[in-house]
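The values are calculated or read from the model by the stated rules, or taken from the named source; none is laboratory data. Values in this document were obtained by computation on a predicted structure and should not be read as measured data. Every residue, glycine as well, gets a Cβ built from its backbone with ideal geometry; the counts of neighbours run over all protein chains shown.
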Amino acid sequence: MTLLADLILVVHALFVAFVVSGLLLTLAGGILRWGWIRNGWFRGIHLVCIGVVVLQSWFGMFCPLTSWEHELRLAAGEQGYELGFIAGWLRRLMFFEAPPWVFTLTYTLFGALVLATWIWLPPRFRRGKNW
């Protein structure tokens, strides 16, 4: 159970890294004129990912990955989040204490910025190969 919980934590960290780096790369690519940042699949998946996070925060829902990981840790007999080195490091990097409204505001502003890149740097959807 603990190994599965650690795996979910790693997937969660990769999801967060994709959302954050996707926006940073899109902005950098707009400035540096990288053509690949207009890929419709990349941009669409990126928008859906942050959109899900924003909607979850608006409706006061917990992230299913966080909930699943927590339940697996409890099932493994762990108290709270007693983790191994890597899992503990990832958790400290990704989670911190703040009032819920701070997260909702942050996710909403981040999502609005992602949406703004669709106006500034509209993605291109082509038939066939889109890379």
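Working carefully through the options PHE103, PHE110, find the one that is at pLDDT 95 or above, aromatic (Phe, Trp, Tyr), surrounded by 11 or more Cβ atoms within 10 Å (Cβ to Cβ) and within 18 Å of the chain's Cα centre (by Cα). Before you say what the answer is, go through the steps one by one.
Details: PHE103 fails: at pLDDT 95 or above.
Matching residue, one of PHE103, PHE110: PHE110.
For region 12-30, which residues satisfy the criterion of being loosely packed, with under 14 Cβ neighbours inside 10 Å and not aliphatic (A, V, I, L, M)? Give the derivation first.
Filtering region 12-30 down to residues loosely packed, with under 14 Cβ neighbours inside 10 Å leaves 14, 17, 20-21, 24, 28.
Within region 12-30, SER21 is the sole residue that qualifies.
Going through region 56-70 one residue at a time, which ones are loosely packed, with under 13 Cβ neighbours inside 10 Å and either under 17 Å from GLY111 (Cα atoms) or touching a helix residue (DSSP H, G or I) at 6+ places or on another chain (Cβ under 9 Å) (or both)? So that I can check it myself, show each step before the final result.
Taking region 56-70 as the starting set, the residues that turn out to be loosely packed, with under 13 Cβ neighbours inside 10 Å are 58-62, 64, 67.
Within region 56-70, TRP58, PHE59, GLY60, MET61, PHE62, PRO64 qualify.
Taking VAL48 as the residue in question, decide whether it is modelled with pLDDT of 95 or more and crowded, with 17+ Cβ neighbours inside 10 Å. Please lay out each step first, then the result.
Details: modelled with pLDDT of 95 or more: yes; crowded, with 17+ Cβ neighbours inside 10 Å: no.
Taking the combined requirement at face value, the residue does not satisfy it.
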